[in-house]
1. Has the stretch 28-44 got at least one residue that is within 12 Å of the ligand (Cβ to nearest atom), under 20 Å from G246 (Cα atoms) and surrounded by fewer than 24 Cβ atoms within 10 Å (Cβ to Cβ)?
2. Here are V326, V300: which of them is within 16 Å of the ligand (Cβ to nearest atom), farther than 28 Å from V156 by Cβ, surrounded by fewer than 16 Cβ atoms within 10 Å (Cβ to Cβ) and among the β-branched types (V, I, T)?
3. Can you find even one residue in the stretch 93-104 that is in contact with a helix residue (DSSP H, G or I) (Cβ under 8 Å, 6 or more places away or on another chain) and under 28 Å from A344 (Cβ atoms)?
4. Only one of these is in contact with a His (Cβ under 8 Å, 6 or more places away or on another chain) and away from the ligand (no atom under 15 Å from the Cβ): A295, A348, A376, A359. Name it.
5. Give just the number: which of (1) within 13 Å of the ligand (Cβ to nearest atom); (2) farther than 30 Å from V177 by Cα does V318 not satisfy?
6. Given the options A348, A362, name the one that is part of a helix (DSSP H, G or I) and either of a type in the set (D, E, K, R) or within 23 Å of the chain's Cα centre (by Cα) (or both).
7. Quick one: T143 ticks every box in (1) assigned to a loop (DSSP other than H, G, I, E, B); (2) modelled with pLDDT of 95 or more; (3) touching an Asp or Glu at 6+ places or on another chain (Cβ under 8 Å) bar one, so which box is it?
8. How many residues, within the stretch 100-141, are of a type in the set (A, V, I, L, M) and within 20 Å of A172 (Cβ to Cβ)?
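The values are calculated or read from the model by the stated rules, or taken from the named source; none is laboratory data. Being a predicted model, the structure only gives us computed values, none of them experimental. Counting neighbours? That spans all protein chains shown, and the Cβs are built from the backbone with ideal geometry, glycine included.
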Amino acid sequence: MNRPAITLVGAGLVGALLATLLAQRGFAVEVFERRPDPRRVGYAGGRSINLALAERGLHGLRLAGLTERVMELAVMMRGRMVHHPDGRTELLRYGRDDSEVIWSISRGRLNIALIDAAEAAGARMHFDQRLEAAHFGDAVTLTFHDEADGSTRTHVATSVVGADGAGSALRAAMNAVAPLGERIEPLGHGYKELEIPPLPALPASALSSEQAAAQARGERFAIEPNALHIWPRGSYMCIALPNAEGSFTVTLFLANEGDPSFATIPAPAAARAFFAREFHDALALIPDLEADFAANPIGVLSTLYLDRWHHGGQALLVGDAAHAIVPFHGQGMNCGFEDAVELADLLAERPTACEAVFAEFARRRKPNADAIAAMALENYVEMRDRVDDADFLLMRALDRQ
Ligand code: FAD
């Protein structure tokens, strides 16, 4: 069956999965992505290095035929490993056994796997194409700036889907012609990423006797690999997710202002003193703390609310472009993958009824997106205000969804 053409803006996690699912269903899919092809020049991330993938997200990857490839890249996390201030650790399992787990996966490798899948399914990818403007007339005229050679090109589409992330240019263009009811609520806390390298790269002086023995046996992970590590400290915390090659990406979540905050530890030396006081067992394993602190930006965390996600049958927003959330359930990508599955199914049922499909998509997905946005915020407040076992039981229950 001859299905209509669909244009996507953004080949991030959600855009690339949606492109795959639509191309597999016979749509002629064109994808315009601002960044260069990550398979050619390496992945230019800018957001979290790795992510927690849960069943909700895995479902979409399964439909795209990516289970095997993704599982090769992922590290299983069976629970939260809580690091108490006195150095004690405690594993809080997500489920009764290892049938209820989540997975840590590299954002870059997952994105590349998805781009490969989209191309293999027949989607046409255009890299280095930054959407600059969209004009809504009888058709949608999109203007792209070529980031490689500085040229400008236009592309005319009947329907365009914006998967261009929290700062979506398509959303700005839609909002300019018919306001979407946009509200962006900053969290007031930011994040910074640091690294625990694989065991072989750590100096012997940094290691406990167990770690030294593991290093001597040729093991790669400095701390338990099959867990999401958390150092809860009341109004701030660190987490660490394992990477397949043996390192961990550590993320410090901290207020932007007040004491303590990113403002009170502006210099790497102050960051070391802060870690020595609050996260001393982690500090021993982060040899490049000062360099990481100086090199990595403070990430911004906000929640995006929109009253409307679509402009008739001409444009629709999905993923973070429609509902960016704070990351305290690790569910933003998982929720975006659910968007991709729902939209691909709806379009496959009614390929020429874009306006009705976009409206139905928003009707079905918006309550889910609103719910996870609220839960992610609540979870952070819980963790910030008190740290006791009740919080972790709550987090454990919610993480599994
Ligand atoms: P993005 O991943 O932002 O992709 C957007 C794409 O559009 C990019 O490729 C970008 O280059 C492209 N683009 C942008 N502008 C333009 C333009 N003008 N023209 C063309 N292309 C453009 N989620 C989880 O599920 N689990 C987690 O553990 C998790 N951890 C997180 C940790 C942190 C610190 C943060 C910040 C987020 C986390 N998230 C997590 C959320 C997750 O990162 C997002 O929900 C997810 O990346 C959304 O995917 P997306 O494709 O909608 O947007």
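1. Within the stretch 28-44, one or more residues are within 12 Å of the ligand (Cβ to nearest atom), under 20 Å from G246 (Cα atoms) and surrounded by fewer than 24 Cβ atoms within 10 Å (Cβ to Cβ).
2. Working: V326 fails: surrounded by fewer than 16 Cβ atoms within 10 Å (Cβ to Cβ).
Every option except V300 fails the conditions.
3. Among the residues of the stretch 93-104, at least one is in contact with a helix residue (DSSP H, G or I) (Cβ under 8 Å, 6 or more places away or on another chain) and under 28 Å from A344 (Cβ atoms), which makes the answer yes.
4. On the way: A295 fails: in contact with a His (Cβ under 8 Å, 6 or more places away or on another chain); A348 fails: in contact with a His (Cβ under 8 Å, 6 or more places away or on another chain); A376 fails: away from the ligand (no atom under 15 Å from the Cβ).
Being in contact with a His (Cβ under 8 Å, 6 or more places away or on another chain) and away from the ligand (no atom under 15 Å from the Cβ) holds for just one of A295, A348, A376, A359, which is A359.
5. V318 satisfies every listed condition except (2).
6. A362 is the lone residue from the list that is part of a helix (DSSP H, G or I) and either of a type in the set (D, E, K, R) or within 23 Å of the chain's Cα centre (by Cα) (or both).
7. (1)
8. Keep residues of the stretch 100-141 that are of a type in the set (A, V, I, L, M), which gives 101-102, 105, 110, 112-115, 117-118, 120-121, 123, 125, 131, 133-134, 139-140.
Adding the requirement that they be within 20 Å of A172 (Cβ to Cβ) leaves 131, 133-134, 139-140.
Within the stretch 100-141, residues that are of a type in the set (A, V, I, L, M) and within 20 Å of A172 (Cβ to Cβ) number 5.
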